[in-house]
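Report on the following structure.
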Amino acid sequence: MAKIAPSILAADFARLGEDVKDICDRGIDYLHIDVMDGVFVPNISFGADVMKSLDRTAGAPYDVHMMIIEPDRYLEKFITDNTEFITVHYEACDDIGKTIEHIHKAGAKAGVSIKPGTAPEVLDDYLKDIDLILVMSVEPGFGGQKFMDSSLPKIEYYKKKRDEMGYDYVIEVDGGIGSGNAHLVRDAGADVIVAGSAVFRAADRSAEIKAIKGE
Ligand code: DX5
Ligand code: ZN
């Protein structure tokens with residue numbers, strides 16, 4: 001079984017609060033918050049004020065995925081009482097070690113994400129300090145894309161490293177996942193599965209959530 005983090009990028013923004021509340025009442029583990037700046041990725045989503053407007057109704061901790069350049073400039077703004085993870089992109093940081101330290105000092109758990117073209121070994125020197133690794137299974141920027149199975153050996157790599165070295169990070173995977181293919185990432189060793197379109201567009205959201213988790 002895996003945990004699930006529905007991405008609110010796929011919610012109905014015209015009724016965001018209600019849609020998020022609906023999903024939180026269906027046995028989810030985290031709310032995945034996709035922050036995009038139009039520079040690191042070719043799309044703009046929403047900022048910290050939108051996320052904070054959910055604080056009153058959010059029924060699950062935030063897992064914030066920052067797809068922005070210079071994340072150190074903004075990460076504090078995304079830390080509220082509901083924030084568990086702040087995840088930055090390896091490719092967006094000049095000194096990933098310093099940014100990990102910054103996130104910890106700011107009071108959140110530190111996640112690091114790698115894009116499909118980035119080799120998993122780039123994080124080797126930092127694994128002991130990382131709380132969550134986010135393996136992208138699509139190019140970041142948009143929901144509703146096709147799952148890339150090149151993510152599977154990366155999940156396996158981080159699971160093996162954790163077993164061998166006794167690290168304790170969580171392995172998360174993001175992009176193109178639904179009930180039809182979630183078993184692939186669960187079998188590879190993913191602990192947390194992000195799903196946007198599959199969950200929010202499902203005819204039966206509860207059934208889709210259960211199926212993705214492998215319940
Ligand atoms: C893509 C985002 C994903 C996206 C997932 O850049 O990081 O979290 O919302 O959406 P689906 O599940 O529709 O691929
Ligand atoms: Zn994401």
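The values are calculated or read from the model by the stated rules, or taken from the named source; none is laboratory data. Since this is a predicted model, take the numbers as computed values, not measurements. Using ideal geometry, Cβ is built from the backbone for each residue, glycine included, and neighbour counts are taken over all protein chains shown. The accessibility values were calculated without ligands, DNA or RNA, using every heavy atom of the protein model including side chains. Shrake-Rupley method; radii C 1.70, N 1.55, O 1.52, S 1.80 Å.
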Considering the chain as a Gaussian network with a 10 Å cut-off on Cα pairs, which listed residue, Ile171, Ile68, Ile44, attains the greatest mean-square fluctuation? Ile44
Highest to lowest packing among 99-108, 200-209, 12-21, scored as the average C-beta count within 10 Å: 99-108, 200-209, 12-21
At 222 nm, what helix-only mean residue ellipticity would the chain give, in deg cm²/dmol to the nearest 500, using -39500 (n - 2.57) for each DSSP H run of four or more? -7500 deg cm²/dmol
FRET efficiency for Asp55 and Glu121, using Cβ-Cβ distance with R0 set to 30 Å, rounded to 0.05: 0.20
Taking one equal scatterer on every alpha-carbon of the range 12-74, how large is log10 of I(q)/I(0) by Debye at q = 0.13, 0.17 1/Å? -0.37, -0.62
Ratio of the chain's C-alpha Rg to 2.2 N^0.38 Å, to two decimals? 0.93
On each of the three principal axes the extent of the alpha-carbon atoms of the range 101-215, given in whole Å and largest first, is 43, 30, 27
How about the range 115-177: which trypsin sites (Lys or Arg not before Pro) there lie in a loop by DSSP and see at most 16 other Cβ atoms within 10 Å? Lys146
Specify the inter-centroid distance of the range 112-184 and the range 12-38, based on alpha-carbon positions, in whole Å. 22 Å
Could you give the length gained on full extension between Ser197 and Thr80, defined as 0.36 nm per residue of separation minus the Cα-Cα distance, in nm? 39.5 nm
Beta bridge orientation in the range 7-117: antiparallel %, DSSP, nearest 5: 5 percent
Listed by chain and number, the aspartates and glutamates with an alpha carbon less than 14 angstrom from that of Lys213, same-chain partners under 8 positions apart left out, are Asp29, Glu172, Asp174, Asp187, Asp191
Are any of the pairs Lys109/Lys146; Lys98/Lys146; Lys3/Lys154 more than 22 Å apart by Cα-Cα distance, and if so, which? Lys109/Lys146; Lys98/Lys146
Magnitude of the Cβ-charge dipole of the chain, K/R +1 and D/E -1, about the Cα centre, nearest 20 debye? 420 debye
Before I look further, what does the range 3-213 give for accessible area per residue, probe 1.4 Å, in whole square angstrom? 43 Å²
Charges at C-beta only: +1 for Lys and Arg, -1 for Asp and Glu. How large is the resulting dipole of the range 45-136 about its Cα centre, in Debye rounded to 20? 320 debye
